[in-house]
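Novice: Pasting a structure below so you can have a look.
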Amino acid sequence: MLSQIIKDWLAEYKTIQQDGLQTYSEKISKDSKILPALCEFFQAQKYSHEELDPVCHQLFEFYRTRQDDLQRFTLEFVPDLISTYLCAVGSQSTKKNSTAIEACLLEIYNLEIVNKDGSSKMETITIPTLAKSSIYHEPGNLGTLALTESALSRYKGEAQLLTSGPFPQVERLIAQNRFLVLSYIMKCYNSHISQLSHMSHQALCLMASRICTRGFFIKTRKHEARIAVNGQFLVELLHGIYFVMFNGSSQLGMQAVEDVHFRANHDLLPYVLLVTNAIMNYMEVNPSGQPMDGPMGLSVAVSPSTSSYVISQSAITNATFKLEKVPG
């Protein structure tokens, strides 16, 4: 059932003119009541088709405005929308509820695969090389090294570029394109995840656990239809879950990883198992939820505030070693 807060939210937007969108988007991003109300609405799953339609319609109207705050507001509910949609399409009794959600998800996807001028979006990925510095390493001064074959090869190290796109427009979600669309939407969600709320982060973990364990009696103790999953989609889920584990939801995040790992084992998904095993093995030596947690699992010193060690001025360098003639 729609709460009064949601009814007021639906009614207010109908009165907003085009020139007032910027002010409204700033206002809605600071509203502390509507976000919890909508989260409770989706997660309670006690709504009718007539109640769900206007909510989903307004969410994709928000996304269509191209206002950053309104688009982020819609992205807050991507985990709830995907979870509700996947559960609905697998059940005849709730399948009619998926129509409005499907329209909202398609709107997000079809807007994201094109630029603002309507041209197809192309994505470029750079494969790093050791010849160029990064946040993880600093290439050595090659001029002071011996001109070995390996040293010379570092001069020629150029970053490789991989291009993906253009992506196809989709008019309807079917079994063949469902996870192509959902995976791309999850990629968009992950690109904004640091700006989304803690409630959305928790919903992401709950969604992952729900779709991976539904229909498995050992896990849920309920007789429900299983939800078909896709390896690419689960990997995108894990990208978001890993961030959440080190940003306030360590227990929910770890449970979600274990549930995804369980499903990957059952469905024999090698790439998903590669990621889940990496996370679970890393957690054994560096559990999340610690005071020294960095934003992406990189431990940072929190005390003392200054470095606890000092590099000696007489540190050994390449120049320290000089060839000397051994006396005969």
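The values are calculated or read from the model by the stated rules, or taken from the named source; none is laboratory data. Fair warning: this is a prediction, and the values are worked out from it, not measured in the lab. Backbone-built Cβ (ideal geometry, glycine too); neighbour counts: all protein chains shown. For the accessible areas, the whole protein counts, side chains as well, though only heavy atoms, and no ligand, DNA or RNA atoms are used. Shrake-Rupley method; radii C 1.70, N 1.55, O 1.52, S 1.80 Å.
Novice: Being open to solvent by 70 Å² or more (accessible area, probe 1.4 Å) and not charged (D, E, K, R) narrows it down to one of 192, 198, so name that one. Break it down into steps so the answer makes sense when it comes.
Specialist: Values: 192 fails: open to solvent by 70 Å² or more (accessible area, probe 1.4 Å).
One residue alone meets the criteria, 198.
Novice: Sticking with this structure for a sec: Tell me which of these residue 16 doesn't satisfy, since it passes every other one: (1) open to solvent by 20 Å² or more (accessible area, probe 1.4 Å); (2) touching a Ser or Thr at 6+ places or on another chain (Cβ under 7 Å).
Specialist: In the conditions (1) open to solvent by 20 Å² or more (accessible area, probe 1.4 Å); (2) touching a Ser or Thr at 6+ places or on another chain (Cβ under 7 Å), residue 16 misses (2) alone.
Novice: For the stretch 23-62, enumerate the residues that are more than 23 Å from residue 83 (Cα to Cα) and among the β-branched types (Val, Ile, Thr).
Specialist: Taking the stretch 23-62 first, the residues more than 23 Å from residue 83 (Cα to Cα) are 23-32.
If the condition is that a residue be more than 23 Å from residue 83 (Cα to Cα) and among the β-branched types (Val, Ile, Thr), then 23, 28 are the ones that fit.
Novice: Only one of these conditions is not met by residue 21: (1) surrounded by 14 or more Cβ atoms within 10 Å (Cβ to Cβ); (2) modelled with pLDDT of 90 or more. Which number is it?
Specialist: Condition not satisfied by residue 21: (2).
Novice: Any idea which residue in the stretch 48-65 is nearest to residue 4 (Cα to Cα), counting only those that are open to solvent by 10 Å² or more (accessible area, probe 1.4 Å) and among the hydroxyl-bearing types (Ser, Thr, Tyr)?
Specialist: Top of the filtered list is 48.
Novice: Which ones in the stretch 108-127 are more than 29 Å from residue 81 (Cβ to Cβ) and surrounded by 13 or more Cβ atoms within 10 Å (Cβ to Cβ)?
Specialist: none
To keep it simple, each residue is scored yes or no on (1) open to solvent by 70 Å² or more (accessible area, probe 1.4 Å); (2) assigned to a helix (DSSP H, G or I); (3) modelled with pLDDT of 75 or more; (4) over 27 Å from residue 65 (Cβ atoms).
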| residue | (1), (2), (3), (4) |
| --- | --- |
| 143 | no, yes, no, yes |
| 153 | no, yes, no, yes |
| 158 | yes, no, no, yes |
| 166 | yes, no, yes, no |
| 170 | no, no, yes, no |
| 176 | yes, no, yes, yes |
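Novice: Can you tell me which residue among 248, 253 is touching a residue at least 24 places away in the same chain (Cβ under 8 Å), at positive phi and touching a helix residue (DSSP H, G or I) at 6+ places or on another chain (Cβ under 6 Å)?
Specialist: 248
Novice: Among 234, 273, 238, 252, which is hydrophobic (A, V, I, L, M, F, W, C), open to solvent by 10 Å² or more (accessible area, probe 1.4 Å) and at pLDDT 95 or above?
Specialist: On the way: 234 fails: open to solvent by 10 Å² or more (accessible area, probe 1.4 Å); 238 fails: open to solvent by 10 Å² or more (accessible area, probe 1.4 Å); 252 fails: at pLDDT 95 or above.
Only one candidate qualifies: 273.
Novice: Does the stretch 210-219 contain at least one residue that is part of a helix (DSSP H, G or I), in contact with an Asp or Glu (Cβ under 7 Å, 6 or more places away or on another chain) and open to solvent by less than 20 Å² (accessible area, probe 1.4 Å)? Explain how you work it out, then say what you get.
Specialist: Going through the stretch 210-219, the residues part of a helix (DSSP H, G or I) turn out to be 210-213, 217-219.
Still in the list and also in contact with an Asp or Glu (Cβ under 7 Å, 6 or more places away or on another chain): 212-213.
Imposing the further condition that a residue be open to solvent by less than 20 Å² (accessible area, probe 1.4 Å) reduces the set to 212-213.
Yes, the stretch 210-219 contains a residue that is part of a helix (DSSP H, G or I), in contact with an Asp or Glu (Cβ under 7 Å, 6 or more places away or on another chain) and open to solvent by less than 20 Å² (accessible area, probe 1.4 Å).
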